[in-house]
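Novice: One structure coming up, written as structure tokens, with questions to follow.
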Amino acid sequence: MPTPHAEGCCSASKGAFTRSAGYSESTPGDNLLELGLKPSHDNKNLPVAPGPNTQHNDILLPGGEFLMGDGFNEGYASDGETPVHPVRLGAFRIDATAVTNEMFAGFIKDTGYRTEAEQYGSSAVFHLLAKAPKDHIIGAAAGAPWWLNVKGADWAHPAGRSSDWKEIPDHPVVHVTHHDALAYCAWAGRRLPTEAEWEFAARGGLHDKRYAWGDDLTPDGQHRCNIWQGKFPTSNSQDDGYVGTAPVRSFPANGYGLYEMAGNVWEWCADWFLPKYYRNSPKDNPQGPSIGAGRVMRGGSYLCHDSYCNRYRVAARTSNTPDSSSGNCGFRTVALTS
């Protein structure tokens, strides 16, 4: 599951709680097909053709050149959001929303896939959201006690065993690792966005802006994303209407018609995380480095707040180990080119 990063307590990592995995966490050059077909040690091979329940409402983006990176000098040095650099992309189709519980349930029904959280038997749940018997609370993360290791927490039971995805079918699926996201993509005949594609999409056609909608966090006093309001981690005023995840399409779309590109849940990208590569990446369609300490995550989550983690900016980036899962991390997908 996720380890809370120094400045950004809004994500948690496998290092937060002890787990034993049957693979290396940073094997270079992971292959989508290989991971999609053999995502973990006890799942059967999965189909790579689109499943019958796959329905993706995606948006065709025109591609083009944009400036990638933090032009406001507001990022954390360790995240490596600078320098601002030109990137040129071809056209691509990307999901209008994060993959929802209902969509992910179709994948599970077709394949019998067991997520890594299910195999481990627990995952990270924010303490105010946990719905589980006391004996299911295995422990809290060192240095970040708001993250609880909850027995039975997984995609189908996002708050613990006393919760059910069917209660929130239109919310983003969570407790999915990077490996799980790749397995879903293999079944759906899709892929994860590259980090460059994700930022291009998040900007929505705007240039040199802080957020997906402009420079003001709450233009005209209106909340444009699901993040934390109040005193973290004990009191959330819910000014934006939510403590945990919100249904997809709860907030206005950006200029490209994409929803919740900021806040709600972190979204996995295809790239390994390596700031050195980011500083010197190719201009044309960068694919990310071949090695890294973790996989890139983008967008921030419902736990972000500018007092300690302002990673809901369009340039913000962080990472986590590929086998990490938590109650605030999901993904969206991109269509394969024909």
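The values are calculated or read from the model by the stated rules, or taken from the named source; none is laboratory data. Values in this document were obtained by computation on a predicted structure and should not be read as measured data. Please note: Cβ atoms are built from the backbone with ideal geometry, for glycine as well, and neighbour counts cover all protein chains shown. Keep in mind that these areas ignore ligands, DNA and RNA; they rest on the heavy atoms of the full protein, side chains included. Shrake-Rupley method; radii C 1.70, N 1.55, O 1.52, S 1.80 Å.
Novice: Considering only residues of region 125-165 that are in contact (Cβ under 8 Å) with a residue 24 or more places away in the chain and among the charged types (D, E, K, R), which is nearest to residue 232 (Cα to Cα)?
Specialist: 131
Novice: Working only within region 294-310, note down all residues that are over 13 Å from residue 74 (Cα atoms) and among the aromatic types (Phe, Trp, Tyr).
Specialist: Let us first name the residues in region 294-310 that are over 13 Å from residue 74 (Cα atoms), namely 294-305.
If the condition is that a residue be over 13 Å from residue 74 (Cα atoms) and among the aromatic types (Phe, Trp, Tyr), then 302 is the only one that fits.
Novice: So, one more: Take the residues in region 46-71 that are β-branched (Val, Ile, Thr) and at pLDDT below 95, then tell me which one is surrounded by the most Cβ atoms within 10 Å (Cβ to Cβ).
Specialist: Here the answer is 54.
Novice: Among the listed residues 249, 224, which satisfies the condition of being at positive phi, more than 14 Å from the chain's Cα centre (by Cα) and part of a loop (DSSP other than H, G, I, E, B)? Can you show your working first?
Specialist: Details: 224 fails: at positive phi.
The unique qualifying residue is 249.
Novice: Open to solvent by 40 Å² or more (accessible area, probe 1.4 Å) and assigned to a loop (DSSP other than H, G, I, E, B): is that true of residue 209 in this structure? Spell out the reasoning first.
Specialist: Values: open to solvent by 40 Å² or more (accessible area, probe 1.4 Å): yes; assigned to a loop (DSSP other than H, G, I, E, B): yes.
Against the criterion (open to solvent by 40 Å² or more (accessible area, probe 1.4 Å) and assigned to a loop (DSSP other than H, G, I, E, B)), residue 209 qualifies.
Novice: Pairs needed: first member in region 260-276, over 21 Å from residue 204 (Cβ atoms) and modelled with pLDDT of 95 or more; second member anywhere, outside any loop (DSSP other than H, G, I, E, B) and of a type in the set (D, E, K, R); C-beta distance under 7 Å; at least 6 residues apart or different chains.
Specialist: These pairs meet every condition: 272/295; 273/295.
Novice: For region 123-138, give me each residue that is touching a Phe, Trp or Tyr at 6+ places or on another chain (Cβ under 7 Å) and open to solvent by 10 Å² or more (accessible area, probe 1.4 Å). So that I can check it myself, show each step before the final result.
Specialist: From region 123-138, those touching a Phe, Trp or Tyr at 6+ places or on another chain (Cβ under 7 Å) are 124, 126-127; that's our starting set.
Matches in region 123-138: 127 only.
Novice: Could I ask something else about it? If you take the residues of region 77-113 that are under 22 Å from residue 167 (Cβ atoms) and of a type in the set (Ser, Thr, Tyr), which of them is surrounded by the most Cβ atoms within 10 Å (Cβ to Cβ)?
Specialist: 97
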